[in-house]
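A short write-up of the structure that comes next.
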Amino acid sequence: MIELPVIPVSQTQRRPDWLRVKLPVGKEYRHVRGLVDEHKLHTICESGNCPNMGECWGAGTATFMILGNICTRSCSFCAVATGRPLAVDLDEPNRVANSVKLMQVKHCVITSVDRDDLKDGGSIIWAETINAIRKESPETTLETLIPDFKGQWDNLDRVLAVRPEVVSHNLETVRRLTREVRIQAKYDRSLECLRRISEAGLRTKSGIMLGLGETEEDVVEAMQDLYNVGVHILTLGQYLQPTKAHHPVIDWVTPAQFDKYKEIGLKMGFKYVESGPLVRSSYHAEKHLFDMQ
């Protein structure tokens, strides 16, 4: 297998030109921006400083994080705070649903921190949030980016029972780097989670970050593992280090290499592959509502 070149971080003192982000513009973006500011709404798009915020908001897509902003896990790539989370906010489903309605979101992506401190893993709030959005905005389609619920599959089943249009769980990295990058996660547990989502007859999605030190062989192996458990949609993007305390960027993956991964993925049989330096989990999420037939 011939690998296209990547650029080791040690050879450059700044991000490559292909990682430059365009400023968000457009009528639809300005409309959503005004609603967010006026009503003090919260989205991960904004708080996470997503490079694709303008494009997604312009397409009517927004991402919300539920169950607080403190995670019970300490993955080396993630900027979310780790510690003891606050008590669950029982009114959160209604507040999120109200935000979706005010913003006139066409396709809503919901994610959450890991809540390993809760017996239900947060799955009750997950299901209630989905139901609340459907009640307030019945035309809005939904994607859920869920945790692995520590392999307690009755909690996963609670989310699957309300049948969001897309269910996503990110593998995040290749098998060889999982212990280093996702300290409290398990590669095979994530695959099992995705297999169960797919077997429930739902559009199944996963994502991998690149630039953490993986080889092309590692990436192709992970892609094949995801395809084998029934994943339909795959996202591949460049990892960016949140702070100096987090896992370093080992190399910059070139756009040509991302294009190659997309070609490989489509040949494997994935229905949709988003692959590029600035691709994030919810990038072009509204386009992933393909016909399952």
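At-a-glance table
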| quantity | calculated |
| --- | --- |
| Residue that is most open to solvent (accessible area, probe 1.4 Å) [pool: residues in segment 84-95 that are assigned to a helix (DSSP H, G or I) and either among the aromatic types (Phe, Trp, Tyr) or more than 13 Å from GLY122 (Cβ to Cβ) (or both)] | ARG95 |
| Inter-residue pairs, beta-carbon under 8 Å, first farther than 14 Å from LEU191 by Cβ and in segment 201-213, second basic (Lys, Arg) and part of a loop (DSSP other than H, G, I, E, B), 6+ apart | LEU202/ARG163 |
| Any hit, segment 259-272, residues being open to solvent by less than 30 Å² (accessible area, probe 1.4 Å) and more than 19 Å from the chain's Cα centre (by Cα) | no |
| In segment 107-120, the residues that are assigned to a loop (DSSP other than H, G, I, E, B) and under 18 Å from the mean Cα position of the chain (by Cα) | VAL113, ASP114, ARG115 |
| Test set (1) modelled with pLDDT of 85 or more; (2) in a loop (DSSP other than H, G, I, E, B) - ALA79 fails condition number | (1) |
| Failed item in (1) assigned to a helix (DSSP H, G or I); (2) modelled with pLDDT under 95; (3) open to solvent by less than 30 Å² (accessible area, probe 1.4 Å); (4) within 30 Å of GLU216 (Cβ to Cβ), with VAL100 passing the rest | (4) |
| Segment 132-169: number of residues that are more than 17 Å from the chain's Cα centre (by Cα) and open to solvent by 30 Å² or more (accessible area, probe 1.4 Å) | 13 |
| Within segment 226-258, considering residues that are over 20 Å from LEU194 (Cβ atoms) and among the hydrophobic types (A, V, I, L, M, F, W, C), the one surrounded by the most Cβ atoms within 10 Å (Cβ to Cβ) | VAL253 |
| Members of segment 205-225 found to be within 18 Å of the chain's Cα centre (by Cα), of a type in the set (Gly, Ala, Ser) and either closer than 17 Å to GLN257 by Cβ or surrounded by fewer than 24 Cβ atoms within 10 Å (Cβ to Cβ) (or both), listed by number | GLY207, GLY211, ALA222 |
| Close pairs from segment 170-186: first open to solvent by 10 Å² or more (accessible area, probe 1.4 Å), partner polar (S, T, N, Q) and not in a loop (DSSP other than H, G, I, E, B), Cβ under 6 Å, at least 6 apart | ASN170/SER206 |
| Residues of segment 152-190 that turn out to be out of contact with any helix residue (DSSP H, G or I) (no Cβ under 7 Å at 6 or more places or on another chain), more than 15 Å from GLY230 (Cα to Cα) and outside any loop (DSSP other than H, G, I, E, B), as a count | 6 |
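Results for (1) under 24 Å from GLU172 (Cβ atoms); (2) without any contact (Cβ under 8 Å) to a residue 60 or more places away in the chain, shown as yes or no for each residue.
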{"site": "PHE77", "(1), (2)": "yes, no"}
{"site": "PRO85", "(1), (2)": "yes, yes"}
{"site": "VAL96", "(1), (2)": "no, yes"}
{"site": "LEU102", "(1), (2)": "no, no"}
{"site": "VAL113", "(1), (2)": "yes, yes"}
{"site": "ASP117", "(1), (2)": "yes, yes"}
{"site": "ASN131", "(1), (2)": "no, yes"}
{"site": "GLU136", "(1), (2)": "no, yes"}
{"site": "PRO147", "(1), (2)": "yes, yes"}
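The values are calculated or read from the model by the stated rules, or taken from the named source; none is laboratory data. Predicted model, so just to flag it, every value in this text is computed and none were measured. Using ideal geometry, Cβ is built from the backbone for each residue, glycine included, and neighbour counts are taken over all protein chains shown. Accessible surface areas use protein heavy atoms only, side chains included; no ligands, DNA or RNA. Shrake-Rupley method; radii C 1.70, N 1.55, O 1.52, S 1.80 Å.
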